[in-house]
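The values are calculated or read from the model by the stated rules, or taken from the named source; none is laboratory data. Small disclaimer: the values here were computed from a predicted structure and weren't measured. Neighbour counts run over all protein chains shown; Cβ positions are idealised from the backbone, glycine included. Ligands, DNA and RNA are stripped out before the accessible areas are found, and what is left, the full protein with its side chains, is counted by its heavy atoms. Shrake-Rupley method; radii C 1.70, N 1.55, O 1.52, S 1.80 Å.
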Amino acid sequence: MMIVMIDGATEEEVQGVVDKLHEVGAEAHYSRGEFKVIIGAIGDREVISQIPLEALPGVEKVIPIMKPFKLVSREFHPEDTVVEVGAARLGSDQFVVIAGPCAVEDEAQLMDAAKAAAEAGAHILRGGAFKPRTSPYSFQGLGEQGLELLARAREATGLPVVTEVVDVRQVALVSSYVDMLQIGARNMQNFLLLREVGMQHKPVMLKRGLSSTVEELLMAAEYIVRGGNSNVVLCERGIRTFETATRNTLDLSAIPLVKHLSHLPIIADPSHATGKRELIADLSRGALAVGADGVMVEAHPDPRKALCDGEQSLDMPAFSRLMDSLRSIAPAMGRRI
Ligand code: PEP
Ligand code: MN
């Protein structure tokens with residue numbers, strides 16, 4: 001249920017509605033626009049509908065939210081949410097580029113990648129320290145040592161860093177080192193993990209599951225926002241289809257669709273979507289053209305030697321060329337880099 005307050009409703013009037021909701025055991029979530037406050041009431045629908053909300057002072061109207069996702073819906077929060085990660089502003093007119101290796105391998109590799117990415121104009125550095133791998137025999141990441149290297153790379157370049165967290169028990173540790181937490185595709189419906197990252201305050205990048213619908217992605221985001229953390233960035237990273245010529249199929253249509261349905265920023269990850277470095281630049285430009293708020297690309301100083309996902313990583317000169325081309329077309333889309 002959405003309670004739309006009149007323009008300029010007083011704090012007292014807003015509080016009056018919230019108190020009524022709390023009286024019946026419902027939760028109240030706020031969306032504060034420039035003129036209007038909207039209160040999202042979450043709880044037993046039957047019980048909430050017994051309250052004469054429309055008669056309370058300051059209430060303009062009460063609208064049921066028909067969609068299963070509520071707090072992340074555009075109905076509840078009409079303006080775009082802007083998620084700040086260091087100086088990057090996802091969901092604004094800035095097209096945010098996240099770059100770095102699939103996995104943190106050692107200090108030299110990460111520093112080389114970080115410095116070249118920063119020089120080329122990337123906004124956020126990525127690097128996996130805990131790697132969810134299909135095979136238990138593949139490189140699993142450096143763990144906490146990888147987090148330390150990420151923190152050092154941030155110090156050296158000034159770039160904020162994002163890394164994946166795979167386990168509820170590591171959320172506090174990972175968030176003590178990095179600027180944004182990533183929930184990987186394989187964990188998109190790990191509801192305990194979603195709840196846990198919802199209870200801390202670092203921004204979260206939530207990647208679409210390998211076989212998840214857009215609605216399931218938004219419901220997963222709803223878990224995080226309901227926990228109290230509305231700094232969520234969605235990521236379209238390709239889904240499983242019958243097509244095997246690419247690693248996954250980048251669902252570009254999900255990007256404008258999510259923009260209609262939700263106020264949360266959404267970026268694309270053409271590296272994991274295609275598995276092919278030669279497709280990354282074209283699909284990054286495609287993502288910009290369909291309204292994505294940014295891209296995340298894998299970039300490595302020497303992709304042939306990468307311990308993970310080398311075939312879908314750009315080398316640093318190719319990454320720099322991609323930045324140049326994004327910079328030249330961004331203004332046509334009303335974006336800056
Ligand atoms: C990643 O970005 O490092 C990753 C593992 O991606 P995904 O979860 O989308 O497979
Ligand atoms: Mn990878």
Checklist line | Filtered residues of the stretch 160-177 (kept if under 15 Å from Arg195 (Cα atoms) and of a type in the set (A, V, I, L, M, F, W, C)) | finding: Val165, Val166, Val168, Val171, Ala172
Item checked: Residue that is nearest to Val225 (Cα to Cα) [pool: residues in the stretch 33-61 that are of a type outside the set (Val, Ile, Thr) and part of a strand (DSSP E or B)] -> Gly40
Check: Looking at Glu164, Glu105, which one is within 30 Å of Glu215 (Cβ to Cβ), buried (at least 19 other Cβ atoms within 10 Å of the Cβ) and modelled with pLDDT of 95 or more?
Finding: Glu164
Checklist line | Residue satisfying all of: in the stretch 18-32; assigned to a loop (DSSP other than H, G, I, E, B) and surrounded by 13 or more Cβ atoms within 10 Å (Cβ to Cβ); farthest from the chain's Cα centre (by Cα) among these | finding: Val24
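This table checks each residue for (1) outside any strand (DSSP E or B); (2) on the phi < 0 side of the Ramachandran plot; (3) not hydroxyl-bearing (Ser, Thr, Tyr).
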residue: Leu71; (1), (2), (3): yes, yes, yes
residue: Thr81; (1), (2), (3): yes, yes, no
residue: Ile98; (1), (2), (3): no, yes, yes
residue: Leu110; (1), (2), (3): yes, yes, yes
residue: Phe139; (1), (2), (3): yes, yes, yes
residue: Arg154; (1), (2), (3): yes, yes, yes
Next item on the list: Could you please give the count of residues in the stretch 176-208 that are open to solvent by 20 Å² or more (accessible area, probe 1.4 Å) and more than 13 Å from the chain's Cα centre (by Cα)?
Entry: 13
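Yes/no per residue for (1) polar (S, T, N, Q); (2) in contact with a Ser or Thr (Cβ under 8 Å, 6 or more places away or on another chain); (3) on the phi > 0 side of the Ramachandran plot; (4) within 16 Å of ligand 2 (Cβ to nearest atom):
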| residue | (1), (2), (3), (4) |
| --- | --- |
| Thr244 | yes, no, no, no |
| Thr249 | yes, yes, no, no |
| Leu252 | no, no, no, no |
| Pro256 | no, no, no, no |
| Leu264 | no, yes, no, no |
| His272 | no, no, no, yes |
| Lys276 | no, yes, no, yes |
| Leu279 | no, yes, no, yes |
| Asp282 | no, no, no, no |
